[in-house]
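Notes follow once the structure below has been shown.
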Amino acid sequence: MTQTIYILNGPNLNLLGKRQPEIYGRETLADVERLCREVLADGTDLRMMQSNWEGQIVDWIHEAREAAAGIVINPGALTHTSVAVLDALNAFERPVIEVHISNVHKRESFRHHSYVSLRADGVIAGLGIEGYVAAVRRLCTLLG
Ligand code: DHK
C-alpha cells in the first residue's frame with residue numbers, strides 16, 4: 001500500500017520564487033515538489049499543498065490523520081503565531097518535520113519562537129528549498 005507524505009505550506013509560500021528572493025531564493029513550490037519526488041522511497045507518494053488560510057492548514061492536518069504517513073510543514077508566519085496549528089499537529093500521531101527555507105534564528109526576534117517546534121520531530125532551517133528534500137528523506141527513513 002502506498003504511504004502518502006503531506007507537504008503543507010502556509011501563508012505567502014505561493015509566492016515562493018517571486019517574493020524576497022534574496023531570502024527565499026528563486027525556486028518555486030513546483031521546483032520543491034519536483035526535487036522532493038526525486039527522493040521518494042518506493043511505495044511512497046506525496047501531496048504538495050499551500051494555503052494562505054490558517055483554517056485550511058488545520059483542516060489538512062485533520063485530513064492527514066487518516067490519509068498521511070507523515071507531514072512536512074512550512075507554516076510560514078503561522079509558525080510564530082498559531083496555537084491552532086500546534087493543536088492540530090498534536091492530534092496527528094505520525095512523524096512531523098518542520099521546515100523553514102531561511103535561517104529564522106538569524107532574522108527578527110519574533111521569528112525565533114515556533115509553536116510548531118513544540119510538536120515537530122525534526123526542525124530544519126536555513127537550507128533553502130533543500131530543507132524540504134532533507135525532510136522528505138528523513139520521513140522516508142522513519143517510515144521505512
Ligand atoms: C517563511 C515565512 O513566510 C516566514 O513567515 C517565516 C519561513 C520563515 C521560511 O523561512 O520558510 O518566518
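No value in this document is a laboratory result; all are computed from the given coordinates. As the structure is a computational prediction, the values presented were derived from the model and not from experiment. Note that we place each Cβ from the backbone using ideal geometry, even for glycine, and neighbour counts take in every protein chain shown.
The figures follow:
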{"item": "Of residues in the range 1-42 being in a strand (DSSP E or B) and of a type in the set (S, T, N, Q), the one farthest from residue 104 (Cα to Cα)", "result": "3"}
{"item": "Checklist (1) in a helix (DSSP H, G or I); (2) polar (S, T, N, Q); (3) under 27 Å from residue 105 (Cβ atoms) applied to residue 52, failing item", "result": "(1)"}
{"item": "First in the range 73-89 and without any contact (Cβ under 8 Å) to a residue 60 or more places away in the chain and more than 13 Å from residue 58 (Cα to Cα), second anywhere and within 11 Å of the ligand (Cβ to nearest atom) and in a helix (DSSP H, G or I), Cβ under 7 Å, 6 or more apart", "result": "80/110; 80/111"}
{"item": "Filter result for residue 123 (in contact with a helix residue (DSSP H, G or I) (Cβ under 7 Å, 6 or more places away or on another chain), surrounded by fewer than 18 Cβ atoms within 10 Å (Cβ to Cβ) and part of a strand (DSSP E or B))", "result": "yes"}
{"item": "Restricting the range 70-102 to residues that are over 14 Å from the mean Cα position of the chain (by Cα), small (Gly, Ala, Ser) and part of a loop (DSSP other than H, G, I, E, B), the residue that is nearest to residue 131 (Cα to Cα)", "result": "82"}
{"item": "Filtered residues of the range 61-82 (kept if out of contact with any Lys or Arg (no Cβ under 9 Å at 6 or more places or on another chain) and away from the ligand (no atom under 16 Å from the Cβ))", "result": "61, 62, 63, 66"}
